[in-house]
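Notes follow once the structure below has been shown.
Just so it is clear, none of the values below were taken in a lab; they were calculated from the coordinates. Quick caveat, the model's predicted, so the values are computed rather than measured. Positions of Cβ are generated from backbone atoms using ideal geometry, with glycine treated the same way; all protein chains shown enter the neighbour counts.
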């Protein structure tokens, strides 16, 4: 019985690592995971914090400032677009 459980454990370990490496996470999945982790930490640190308040605070923290989105590829003054 002990060998059977050891064999099942090893097989599940091998399949688990194979499956984890086979499918890379998309940026959307990573963002959801980060949001979930942030909310879990905030809500466990402050028991009076509501779900919605934790979500708002984490979304504000994880989103880049609005000024940086506009300045990723600024146009130089005096340059024009080619038509």
Treat each spin label as a single point 7 Å out from the Cα along the C-beta direction, and report the residue 11 to residue 31 distance in nm. 4.0
Per 0.36 nm of contour for each residue apart, how much would the distance between residue 48 and residue 61 grow if the chain were fully extended, relative to their Cα-Cα spacing? 2.7 nm
